[in-house]
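Down below is the structure, laid out as structure tokens.
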Amino acid sequence: MPTAPTGRRVALVTLGCGRNEVDSEELAGRLAADGWLLVAEPGDADVALVNTCGFVEAAKKDSVDTLLAAADLKEGGRTKAVVAVGCLAERYGEQLAEALPEADAVLGFDDYADISARLQGILAGEAHVPHVPRDRRRLLPIAPADRAADPDQSRPDLSRPDLPAGVAPASGPQPLRMRLGDGPTAALKLASGCDRRCTFCAIPTFRGSFVSRRPHEVLAEAAWLAGQGVRELVLVSENSTSYGKDLGDIRLLESLLPDIAAIDGVARVRVSYLQPAEMRPGLVEAMSSTPGVLPYFDLSFQHASGPVLRRMRRFGDTERFLELVATVRAAAPTAGIRSNVIVGFPGETEADLAELERFLTEARLDVVGVFGYSDEDGTEAATLDGKLPEDVVAARVERVTGLVDELVTQRAEERVGETVSVLVEELNSAAGTAEGRGAHQGPEVDGTTTLLARPGPAYEVGEIVTAVVVDSHGADLVAQPTS
């Protein structure tokens, strides 16, 4: 692949989840390896590469607004091209390109392997024909076991000596990675795709079927991240509880977690995106008792009414979910448990909503994201009857959000007096305080813990501090260090 001319610059703007963050760093690794200079601000770049999110309507709008804002930089500035990648670009392809002429190109996942050549061609004025969206689940065998023969035959050599400083081998069609931030936390991808068929979700159609990364690849990248100063690894995928099923071992995560936690420099391992229907006693035990693995359970309940969950093509009900919560807290009494719920799903009755509220009240979760239902293109739910008026959905969102805010505040208040282990992420040098996260607090979504000033040495980013909670504000805590 030809090297980009000296000084050619690219800025990556990342929207959406931790999986997108990893994708952006893999794109950055490829570009850096081919001579591109990575800059932080789109206005300082020749190409603004926007990694979009296509999950829900609000995320789509945010992605489009970001692309339009980047396109404005082309007027009289350095920026010459704005390029869309990511889930929105993959999901809509030519439709997005037609609707958004301000973007110079819309690239799909299949373009990632040759991202440098694609961007060079766009800057040279070459026309890029956007892809026609397709159901990516059809690209691999239906049976997970049949995917064990690696679908990507171009796996990189994990010991490549020719990589630039700061660029790591990764996996899949994006075999390089370069950190775009310097914080003590980083996402680490376990797998891609999803085999579940939730009626409200379009993700499997554009992310494809579930494919696990092989353990040695995960461990190699984890070690590299630790060498880059990362103290907490957040394991991400569309469904982490399925890890290993296509490699012949559905319990592979249980055996992998101790190996990741044992890597020199790794202080904490956090697992995200857990499917309640696939939780098993061994996994609860591994996540609650393995040294270095945080007792943090990101459980995707989505609702608690049995009839609504069946229309969603999901497992469970209030009693089963409460049993799972009780199992987790029996194994780890101070465990963090978070979830998301959808209200206003087609056919949801007042009784269904009351059942959800009963579950939330009894479960006493640390954080709950509340989303109002809206149709998603190409999903089964979009064809269901019993659609609720928008104002009814909005009223239910407001109602459940109010309940959740109260419950989350109460749950945080219950932690006053509890001893917490806090990863320092930001410093307030003037006040001598620090901001970080306890074991029960995931990055960006679960609140933070403020560490009060202490005598002796100042706090350092990446330090793990033992402290006692003395106050709370919503989901946020205030803690006094014990030493």
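Before moving on, here are some points about what is shown:
- Residue match in the stretch 242-265 (condition: open to solvent by 10 Å² or more (accessible area, probe 1.4 Å), touching a Lys or Arg at 6+ places or on another chain (Cβ under 6 Å) and either modelled with pLDDT of 90 or more or assigned to a helix (DSSP H, G or I) (or both)): no
- Of all residues in the stretch 358-375 being open to solvent by 50 Å² or more (accessible area, probe 1.4 Å) and hydroxyl-bearing (Ser, Thr, Tyr), the one that is nearest to the chain's Cα centre (by Cα): SER374
- The set of residues in the stretch 276-310 being open to solvent by 10 Å² or more (accessible area, probe 1.4 Å), assigned to a loop (DSSP other than H, G, I, E, B) and touching a strand residue (DSSP E or B) at 6+ places or on another chain (Cβ under 9 Å) consists of MET279, THR290, GLY292, LEU294, PRO295, SER300.
- Residue selected from the stretch 307-357 under the condition β-branched (Val, Ile, Thr) and under 24 Å from the mean Cα position of the chain (by Cα), by the criterion nearest to VAL368 (Cα to Cα): VAL341
- The set of residues from the stretch 311-321 being assigned to a helix (DSSP H, G or I) and open to solvent by less than 30 Å² (accessible area, probe 1.4 Å) comprises THR318, PHE321.
- Residues that are in contact with a Ser or Thr (Cβ under 7 Å, 6 or more places away or on another chain) and closer than 22 Å to GLY108 by Cα, drawn from the stretch 193-207: GLY193, ASP195, CYS201, ALA202, ARG207
- Restricted to the stretch 209-229, and to residues there that are in a loop (DSSP other than H, G, I, E, B) and out of contact with any Ser or Thr (no Cβ under 7 Å at 6 or more places or on another chain), the residue that is least open to solvent (accessible area, probe 1.4 Å) is SER209.
- The one condition in (1) over 17 Å from the mean Cα position of the chain (by Cα); (2) in a strand (DSSP E or B); (3) at pLDDT 95 or above that VAL234 fails to fulfil: (1)
- Checking SER212 against (1) modelled with pLDDT of 95 or more; (2) in contact with a Leu (Cβ under 6 Å, 6 or more places away or on another chain); (3) hydroxyl-bearing (Ser, Thr, Tyr), the condition it does not meet: (1)
- Scanning the stretch 264-279 for residues that are under 22 Å from the mean Cα position of the chain (by Cα) and of a type outside the set (Gly, Ala, Ser) yields VAL266, ARG268, VAL269, ARG270, VAL271, TYR273, LEU274, GLN275, PRO276, GLU278, MET279.
- The listed residue being of a type outside the set (D, E, K, R), touching a residue at least 40 places away in the same chain (Cβ under 8 Å) and closer than 22 Å to ASP298 by Cβ, out of GLY442, GLY462, GLY436, GLY386: GLY442
- Any hit, the stretch 325-338, residues being crowded, with 20+ Cβ neighbours inside 10 Å, in contact with a Ser or Thr (Cβ under 6 Å, 6 or more places away or on another chain) and under 24 Å from PRO443 (Cα atoms): yes
- Residue match in the stretch 108-116 (condition: within 27 Å of LEU233 (Cβ to Cβ), in contact with a helix residue (DSSP H, G or I) (Cβ under 8 Å, 6 or more places away or on another chain) and part of a loop (DSSP other than H, G, I, E, B)): no
- Among residues of the stretch 359-376 that are touching a residue at least 60 places away in the same chain (Cβ under 8 Å) and of a type in the set (S, T, N, Q), those with a beta-carbon under 9 Å from a residue that is open to solvent by less than 40 Å² (accessible area, probe 1.4 Å) and assigned to a loop (DSSP other than H, G, I, E, B) at least six positions away or on a different chain give the pairs SER374/GLY344.
- Here SER472 passes the criteria (1) surrounded by 13 or more Cβ atoms within 10 Å (Cβ to Cβ); (2) part of a loop (DSSP other than H, G, I, E, B) except the one numbered (2).
- Residue in the stretch 268-275 that is farther than 25 Å from VAL461 by Cα and outside any loop (DSSP other than H, G, I, E, B) present: yes
- Among (1) part of a helix (DSSP H, G or I); (2) more than 17 Å from GLY306 (Cα to Cα); (3) among the small types (Gly, Ala, Ser), the one test that ALA351 misses: (2)
- Qualifying residue in the stretch 393-416 (condition: open to solvent by less than 70 Å² (accessible area, probe 1.4 Å), in a strand (DSSP E or B) and of a type in the set (Gly, Ala, Ser)): no
- Among (1) within 28 Å of ALA226 (Cβ to Cβ); (2) part of a loop (DSSP other than H, G, I, E, B); (3) over 25 Å from the mean Cα position of the chain (by Cα) - the single one ALA430 does not satisfy: (1)
- Comparison of GLY442, GLY378 shows that the only residue that is under 27 Å from the mean Cα position of the chain (by Cα), surrounded by 18 or more Cβ atoms within 10 Å (Cβ to Cβ) and not in a helix (DSSP H, G or I) is GLY442.
The values are calculated or read from the model by the stated rules, or taken from the named source; none is laboratory data. Predicted, not measured: the structure shown is a model, and the values here were computed from it. For neighbour counting, all protein chains shown are included, and Cβ atoms are generated from backbone atoms with ideal geometry for every residue, glycine included. Side chains are part of the model used for accessible areas, which takes the heavy atoms of the whole protein and leaves out ligands, DNA and RNA. Shrake-Rupley method; radii C 1.70, N 1.55, O 1.52, S 1.80 Å.
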